[in-house]
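This report refers to the structure that appears directly beneath it.
The values are calculated or read from the model by the stated rules, or taken from the named source; none is laboratory data. Since we're looking at a predicted model, the values are computed, not measured. Here the Cβ positions follow ideal geometry from the backbone for every residue, glycine too, while neighbour counts run over all protein chains shown.
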Amino acid sequence: MLVITHLFISNQGGRRKKVKRMNTFCWRLSTILLSVTFASSASATSLSKDQISHEIIDKPLTTTRMGMTVRILYRGDGSVRIVAPFISGLGAWSYSETGICMVMETGPRLGENCITFKHLGGREYRNSEGMTLTVEE
């Protein structure tokens, strides 16, 4: 993003004088963009067990996957249900050190899968697989 422009200006004597000028606008813009990037990544830390318990568990979540709406519900009893057009899945979840782990017993994605959650603001969260989840209340 560093832009250095070389301007060639002819002075009265006909000689060419090379003037090196740094584009301060680009420097300022890149500094602002880097600051915003670091600030947003620093503020988007993974949710703790207590936060997951209060903000994710027993809350209906929706996301979009391959153009389809997917509904997910992590129940307080340790069960998880995933419903989408043409497919659904049932399983169990438990807390891990950094988030939750699911063991899907039915559906297209069988087996264990561990994820974390980050709060994006409002009712939106992003899991460690890159899915944006919205709490529907």
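The single condition among (1) among the hydrophobic types (A, V, I, L, M, F, W, C); (2) closer than 15 Å to Leu61 by Cα; (3) surrounded by 16 or more Cβ atoms within 10 Å (Cβ to Cβ) that Leu120 does not meet is (3). Here Phe86 meets each of (1) surrounded by 12 or more Cβ atoms within 10 Å (Cβ to Cβ); (2) under 23 Å from Asn127 (Cβ atoms); (3) modelled with pLDDT under 90 with one exception, condition (1). Could you go through the range 4-25 and let me know if any residue there is assigned to a helix (DSSP H, G or I), among the hydrophobic types (A, V, I, L, M, F, W, C) and at pLDDT 95 or above. No, the range 4-25 contains no residue that is assigned to a helix (DSSP H, G or I), among the hydrophobic types (A, V, I, L, M, F, W, C) and at pLDDT 95 or above. Can you name every residue in the range 98-137 that is under 19 Å from the mean Cα position of the chain (by Cα) and hydroxyl-bearing (Ser, Thr, Tyr)? Passing the criteria: Thr98, Thr116, Tyr125, Ser128, Thr132, Thr134.
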